[in-house]
Amino acid sequence: MSQVSLVPILVWMAAIACWGIAVWRGPRPILQAFVTDRLLRYLFIFPLGIASLWAFVGHVIFPERAAAAIGWEVSPFQFEVGYANLGIGLASLYAAFTGFYPRVAVAIAASCFLVGAGIGHVHDILAYGNLNQGNAGPILVSDFLTPMAVLALLLVAARRPRPKSPDTLALEAELEIASRAMRDYRQALEKFIKE
């Protein structure tokens with residue numbers, strides 16, 4: 001099995017293994033929020049982060065090998081695709097250790113890129129019969145599976161309430177003070193008018 005087939009499988013296996021270990025060693029009782037968060041974390045680290053950095057190295061440092069694995073000619077666009085992968089990889093590693101909203105932003109960008117790449121691979125299969133491992137192998141499955149899994153988990157995570165930020169709490173306190181002051185002012189004004 002070639003590297004182009006092996007890496008997409010290995011990053012998914014690493015994500016599932018790390019997730020299983022995290023849940024096994026995690027706090028008890030096991031909460032759904034913890035399970036979802038850890039699976040998201042490891043999907044951002046491995047299938048999105050590490051796999052995208054691997055694609056960056058392939059397209060930018062070894063463009064001939066990457067193009068051959070896909071069944072394409074070397075193209076200047078590989079440089080651009082490589083740097084898009086670098087951005088997705090670094091952003092994914094960052095998002096792995098942050099909260100919900102950074103993960104959503106990275107997931108949207110990564111999903112657009114990966115699904116677009118997957119559609120391109122499917123077109124290449126249908127139009128030209130390109131069944132090379134880098135076009136029709138596990139990378140094609142990962143192009144669709146990774147965004148679907150991450151977006152589905154984010155939808156699950158979106159259903160649970162999130163703690164309010166200190167800024168939100170401060171704003172709510174200020175609004176309550178202002179609301180109370182307006183009520184007091186209205187009562188004093190009504191009392192003054194009645195007298």
Per-residue [θ]222 nm for the chain (sum of -39500 (n - 2.57) over DSSP H runs n ≥ 4, rounded to 500): -26000 deg cm²/dmol
Taking a ≥ b ≥ c as the square roots of the eigenvalues of the Cα gyration tensor, with a/c under 1.5 meaning rounded and otherwise prolate when a/b exceeds b/c and oblate if not, the range 30-93 is prolate
At R0 = 25 Å the Cβ-Cβ FRET efficiency linking residue 3 and residue 130, nearest 0.05, sits at 0.85
Test item: Cα-centred dipole of the chain, Lys/Arg +1 and Asp/Glu -1 on Cβ, debye: 880
By average C-beta atoms within 10 angstrom, highest first, the peptides 9-22, 69-82, 40-53, 164-177: 40-53, 9-22, 69-82, 164-177
Membrane-span-like helices in the chain: DSSP H runs reaching 30 Å or more (Cα, own axis), mean Kyte hydropathy at least -0.5? 3-25, 100-128, 166-194
Can you give the convex hull volume per residue for the Cα atoms of the range 134-195, as a whole number of Å³? 129
Where does the chain land on Rg(C-alpha)/(2.2 N^0.38 Å)? 1.50
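We did not get these values from a lab; they are worked out from the coordinates using the rules stated. Because the structure is predicted, anything quoted here is derived from the model rather than measured. Cβ sites come from the backbone with ideal geometry, for glycine too, and all protein chains shown count toward neighbours.
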